[in-house]
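Written below as structure tokens is the structure these notes are about.
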Amino acid sequence: MEDIFCRIIKGEIPSTKIYEDDDVLAILDISQTTKGHTLVIPKAHCDNFLSCPADIMHKVMDVAQRIGQAEMSILGAKGVNILTNVGEPAGQSVMHFHVHVIPRYLGGEGGFQITMKGQDTSAMDLPRLAMDISKALKK
Ligand code: AMP
């Protein structure tokens, strides 16, 4: 079955459109975590950021940047979260790559807190870890 964003792109399901070109669609997120919460979506289906072809990923990120800039300039936002979830453990619920652009305001309703809990790293070999990841980078 097609995911909900494929159906929105085809026009089968209504959306509140902000931007569209041949490759990219940007719509208001139905949940409006904060006022202006936007989703930037490639029209060609790919599951997530990691599996998206680089040229399309760059186009999506370009639109995300422009939307963040526009929202900062007209909505009174004092910050923006740009985020994309990859896989269920990371909170991805729609398996079609999308970037959230979430304006942040001083006070007010909505929003969320990102809490990064540090671990005890004393038993970790961090230089080895860095080397392993570095070696696995695709050229
Ligand atoms: P994620 O959890 O990162 O996969 O984000 C999926 C997002 O899609 C959520 O923030 C939902 O609120 C949003 N969403 C789901 N259905 C729709 C829809 N029909 N129109 C707009 N946004 C949607």
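The values are calculated or read from the model by the stated rules, or taken from the named source; none is laboratory data. These numbers come from a predicted model, not from an experiment. Using ideal geometry, Cβ is built from the backbone for each residue, glycine included, and neighbour counts are taken over all protein chains shown. Heavy atoms of the whole protein, side chains included, go into the accessibility calculation; ligands, DNA and RNA do not. Shrake-Rupley method; radii C 1.70, N 1.55, O 1.52, S 1.80 Å.
Below is a table of values for the structure above.
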{"read-out": "Residues within the range 44-95 that are assigned to a helix (DSSP H, G or I), polar (S, T, N, Q) and open to solvent by 70 Å² or more (accessible area, probe 1.4 Å), tallied", "value": "3"}
{"read-out": "Unmet requirement for LYS35, which otherwise passes all of (1) more than 20 Å from GLN113 (Cβ to Cβ); (2) more than 15 Å from the chain's Cα centre (by Cα); (3) not acidic (Asp, Glu)", "value": "(1)"}
{"read-out": "Long-range neighbours under 6 Å by Cβ, at least six apart or interchain, first residue in a loop (DSSP other than H, G, I, E, B) within the range 1-29, second open to solvent by 50 Å² or more (accessible area, probe 1.4 Å) and more than 11 Å from the ligand (Cβ to nearest atom)", "value": "ASP23/LYS43; ASP23/LYS59"}
{"read-out": "Subset of the range 96-138 (residues that are closer than 23 Å to LEU39 by Cα and outside any loop (DSSP other than H, G, I, E, B))", "value": "VAL99, HIS100, VAL101, ILE102, PRO103, ARG104"}
{"read-out": "Condition met for LYS35 (open to solvent by 80 Å² or more (accessible area, probe 1.4 Å), away from the ligand (no atom under 11 Å from the Cβ), outside any helix (DSSP H, G or I) and touching a residue at least 40 places away in the same chain (Cβ under 8 Å))", "value": "yes"}
{"read-out": "Index of the failed condition, VAL99 passing every other in (1) without any contact (Cβ under 8 Å) to a residue 12 or more places away in the chain; (2) surrounded by 17 or more Cβ atoms within 10 Å (Cβ to Cβ)", "value": "(1)"}
